[in-house]
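Below is one structure, written out as structure tokens; comments come after it.
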Amino acid sequence: MPGLTIQKISDHKVFKLLSQQLDFGESEAISLALELEQESILIDERNARQVAISMGLKPVGVIGILLKAYKQKDILDLESEIILLKEKAGFYISNDLFKSILSHIK
């Protein structure tokens, strides 16, 4: 895919430590973000977000990406995009958060 690069971590110490409390994908993502000295990380799972914050990273979730795209007019119907994400990808968002997001954009 254009704009995406697949990269593996080179230092496995942080990964091994994180994988004791998080899934492998989240552990690897946080490890790589730290290794590459990134400011932000795309991550949704609550525990992983808390760990990322504790390690100095700024987590951004899928909803945050969709909101930014909506504000930039890259997507026109945020509600439909979130519903599609829930139905097709099994993405979880609480009803309260979903309603809160919709109330702020309307």
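Considering every Cα-Cα pair within the chain, what fraction, in whole percent, is farther apart than 23 Å?
Tail of the P(r) past 23 Å holds 38 percent of the pairs.
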Response to the item:
To the nearest 10 degrees, the tilt of helix 62-71 (Cα long axis) against the first principal axis of the alpha carbons of the chain is 50
Discussion item. Give the lysines reachable from Lys16 as a straight Cα distance under 18 Å; neighbours fewer than 8 places away on the same chain don't count.
Written reply: Lys8
Worksheet item: What's the angle, to the nearest 10 degrees (0 to 90), between helix 24-35's Cα axis and the longest principal axis of the chain?
Response: 70
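None of the figures in this text is laboratory data; all of them are computed from the coordinates on show. Note that the coordinates shown come from a computational prediction; the quantities given were computed from them, not determined experimentally.
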